[in-house]
Amino acid sequence: MSSQWIAVIVTSVLCYALKYIGHAIPEIWLAHPRVQRITNLIPIVLLSALVAMQALTTKTKFVLDHRLAGIAVALIALKAKLPFPAVVIGAMATSAIVYRLKI
Amino acid sequence: MSVKRDSLSVGLAVGAAGTAFGAVAVADHFSVAQACFLSFVLFSGASQFSLVAVMSAGGSALSAIVTGTFLGSRNGLYGVRMAQILKLRGFKRALAAQVTIDESTGVSIAQTNLADQKTAFWFTGFGVFVFWNLFTLIGALGARAIGDTSAWGLDVASPAIFCAVLYPRLKERRLLVASVLAFIWALSITEFVPAGVPIISTVVIAALVGWN
């Protein structure tokens, strides 16, 4: 089995297990404020690091390219309170245009 | 009535983003079958995107599993909340667990009475599920036909989606600090550690920033 399939299946099973456990455990276990603060922060830090990796690196090397232009437009669109699809499509269109101009 | 309509429109709007997932997965060298399997069984947008992103950046299966599972862990926290509202056992609880995600929980807890909260959970959950899977298939087949995905901006779709997810939450100072630290930390170490580590290791930042 390829490592991709292993990752796909194992992550799927673990994530379902977490969803199910959430429905089954007593709420009191997660009531501690410190536990709540940290669990609240975990998705934030993971997603922030993912943005950095996806937008600014290629094969673990730091790279500035067309993707940065796309992310800049996404941030401007978010600042301007544009709806979600406009943010994503604006970023994609900008990135695509810069990519094509360089070729 | 309007609870059902609102729930289903959230399902359609969010499900349509499945197009981006299907396309990104194929652009990152996953098969159409793997993209569809993830949307059907994993069914958690951030985990799906991160799994694909980590492996396409050269990360190992293990780092993809750890990152994807950490990102899916908040669904467990939603489950704790939803269990109090739904009060289910057996098969129905197992079914509810699968559609416990950001949107079904969010639309449900926004309702003012228990009956609407239950309705909103099921209609939003299954609305997103049906459309997310349909659009994943469309996106995956479409991207396979496109070829050079950078020329269509697909390489920036996933980070742009994460920016849009993060942005409204960064008004809170603690979250903003954690986000900026994680961003800088990941970029600083990426050239010196195996792929995937810059992402998973930010859990330490969450623990430090959230400690007190």
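Close Cβ contacts (under 8 Å, 6 or more residues apart or on different chains) running from residues in the stretch B:190-212 that are at the interface with chain A (Cβ under 7 Å from one of its Cβ atoms) and under 12 Å from A:LYS59 (Cα atoms) to residues that are in a helix (DSSP H, G or I) and of a type in the set (Ser, Thr, Tyr) comprise B:ALA195/B:SER63. Checked against the criterion of being among the β-branched types (Val, Ile, Thr) and surrounded by 24 or more Cβ atoms within 10 Å (Cβ to Cβ), the stretch A:48-57 has at least one qualifying residue. Screening A:LEU47 with (1) in contact with a Lys or Arg (Cβ under 8 Å, 6 or more places away or on another chain); (2) under 23 Å from B:LEU51 (Cβ atoms) gives one miss only, at (1). Scanning the stretch A:24-42 for residues that are under 12 Å from B:ILE205 (Cα atoms) and either among the aliphatic types (A, V, I, L, M) or touching a residue at least 12 places away in the same chain (Cβ under 8 Å) (or both) yields a count of 3. List the residue pairs whose Cβ atoms are under 7 Å apart, where the first residue sits in the stretch A:75-103 and is outside any helix (DSSP H, G or I), the second is surrounded by 16 or more Cβ atoms within 10 Å (Cβ to Cβ), and the two are 6 or more positions apart or on different chains. Between residues of the stretch A:75-103 that are outside any helix (DSSP H, G or I) and residues that are surrounded by 16 or more Cβ atoms within 10 Å (Cβ to Cβ), there is no close pair. For A:ALA49, the test of being under 23 Å from B:GLY68 (Cα atoms) and either facing another protein chain (nearest Cβ under 7 Å) or at pLDDT 90 or above (or both) is passed. Just so you know, in the stretch B:138-178 the residues that are open to solvent by 30 Å² or more (accessible area, probe 1.4 Å) and not in a helix (DSSP H, G or I) include one that is modelled with the highest pLDDT, and it is B:GLU172.
Quick one: is A:THR11 surrounded by 13 or more Cβ atoms within 10 Å (Cβ to Cβ), in contact with an Asp or Glu (Cβ under 9 Å, 6 or more places away or on another chain) and of a type outside the set (A, V, I, L, M, F, W, C)? Judged against the criteria, A:THR11 is not a match. Identify the residue in the stretch A:36-70 that is part of a helix (DSSP H, G or I) and charged (D, E, K, R) and, among all such residues, is nearest to B:TRP211 (Cα to Cα). Per the stated criteria, the residue is A:ARG37.
Among the residues of the stretch A:1-35, those that are more than 7 Å from chain B (Cβ to nearest Cβ), part of a loop (DSSP other than H, G, I, E, B) and over 30 Å from B:GLY58 (Cβ atoms) comprise A:PRO26, A:ALA31, A:HIS32.
Checked against the criteria, B:LEU62 counts as farther than 19 Å from B:PHE129 by Cα and among the aliphatic types (A, V, I, L, M). Highlighted here are the helices (runs of 4 or more DSSP H) found entirely within the stretch B:1-87 that include at least 3 residues which are over 22 Å from B:THR190 (Cα atoms) and open to solvent by 50 Å² or more (accessible area, probe 1.4 Å): B:2-16, B:61-86.
Given (1) at pLDDT 95 or above; (2) open to solvent by less than 60 Å² (accessible area, probe 1.4 Å), where does B:SER108 come up short, assuming only one miss? All conditions pass for B:SER108, except number (1).
Examine the stretch A:28-41 for a residue that is within 30 Å of A:LEU75 (Cβ to Cβ), open to solvent by 10 Å² or more (accessible area, probe 1.4 Å) and among the β-branched types (Val, Ile, Thr), and state whether such a residue exists. There is at least one residue in the stretch A:28-41 that is within 30 Å of A:LEU75 (Cβ to Cβ), open to solvent by 10 Å² or more (accessible area, probe 1.4 Å) and among the β-branched types (Val, Ile, Thr).
The values are calculated or read from the model by the stated rules, or taken from the named source; none is laboratory data. In this text the structure is predicted, and so the values were computed from the model without any measurement. So basically every Cβ, Gly included, is an ideal-geometry build from the backbone, and we count neighbours across all protein chains shown. Please note that ligands, DNA and RNA were not included when accessible areas were found on the heavy atoms of the full protein model with its side chains. Shrake-Rupley method; radii C 1.70, N 1.55, O 1.52, S 1.80 Å.
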